[in-house]
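Mind having a look at this structure? Questions to follow.
FYI, it's all coordinate maths here, none of it is from the lab. Because the structure is a prediction, the values reported are computed rather than measured. Cβ coordinates were reconstructed from backbone atoms using ideal geometry, including for glycine residues, and neighbour counts include every protein chain displayed.
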Amino acid sequence: MKIKKFLFDNLITLFYALIIAIIIRSLLFQPFYIPSSSMEPTLLVGDRLFVSKYTYGYSKHSFPFSPSISNNRFFFKVPKRGEVIVFKTPTDNRTDYIKRLIGLPGDEIQFFDGNLYLNNNQILKTKKNIKNLEVFCGEEVMDVIAYDEKLPNGYTYTAVYRKEGSFKNSDKYIVPKNHYFFLGDNRDCSKDSRYLNSVGYVNELNLVGKARIIFFSTNKKEGNIFQIWKWFKIVQWNRFFNIIN
């Protein structure tokens, strides 16, 4: 009887712990891992970050496995240009992407001669000198130029472009109602809203949350996180608790 009671008590404890974890993950904060180079130099492969789930309200994508409980968004708050946001890709409504919000519903966006235009106004772009800047695209080290870009609302961030062979010109993108247009900061190594067949415009229902802070980071090129004896090389200590801009 004591063994049964012990097992029952522990199962109840695990059950409550699971419920609390689901509530926190769904309504407050969720951890995410950065697997690609598309947001360099803002986010690096190996960064672990917290995303606030409450910032833009809630939809079915706020919950694990995106259950088909409703096609509405509750307590919706309009996101701001420049914010780094996690969303579900429109192609499968399941894969998590993280990009920077550039276009709001009704906006017109276009690349012309390598410059970004928003509603026919060129986004201010100032060349930035960063010492020892190393930007990747997969395993390739890219030769890039870094710029500070300033959006109309004053939001400023760093974006990088290849010195040669950069994305130059595009058709005009007109963001539909209730949709958003996203770009990666690593402009020539990002699958984002420019590619309508793979990502395209993102419905407001697909917004998951706002990227807030990096709480842990590893450099997978230096080894595996489970190689504890290599942690002084693997763990990127200088990225801990960096606020995401």
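Residues in the range 123-138 that are in a loop (DSSP other than H, G, I, E, B) and surrounded by 11 or more Cβ atoms within 10 Å (Cβ to Cβ): how many?
4
Could you pull out the residue among Ser193, Ser198, Ser166 that is in contact with a strand residue (DSSP E or B) (Cβ under 8 Å, 6 or more places away or on another chain), under 20 Å from Ser38 (Cβ atoms), touching a residue at least 40 places away in the same chain (Cβ under 8 Å) and not aromatic (Phe, Trp, Tyr)?
One residue alone meets the criteria, Ser193.
Kindly indicate the residue of the range 189-236 that is of a type in the set (Lys, Arg) and closer than 30 Å to Pro90 by Cβ and also farthest from the chain's Cα centre (by Cα) among those meeting that condition.
Lys220
Please work out if Asp171 is among the acidic types (Asp, Glu), within 16 Å of the chain's Cα centre (by Cα) and either more than 18 Å from Met142 (Cα to Cα) or surrounded by 13 or more Cβ atoms within 10 Å (Cβ to Cβ) (or both).
no
Name the strands (runs of 3 or more DSSP E) wholly inside the range 81-122 in which the number of residues that are buried (at least 19 other Cβ atoms within 10 Å of the Cβ) is 3 or more.
Those strands (runs of 3 or more DSSP E) span 84-88, 96-103.
Just give me the residues in the range 43-53 being of a type outside the set (D, E, K, R), under 14 Å from Lys210 (Cα atoms) and assigned to a loop (DSSP other than H, G, I, E, B), in sequence order.
First, the residues of the range 43-53 that are of a type outside the set (D, E, K, R): 43-46, 49-52.
Those left that are additionally under 14 Å from Lys210 (Cα atoms): 43, 49-52.
Result: Leu43, single match.
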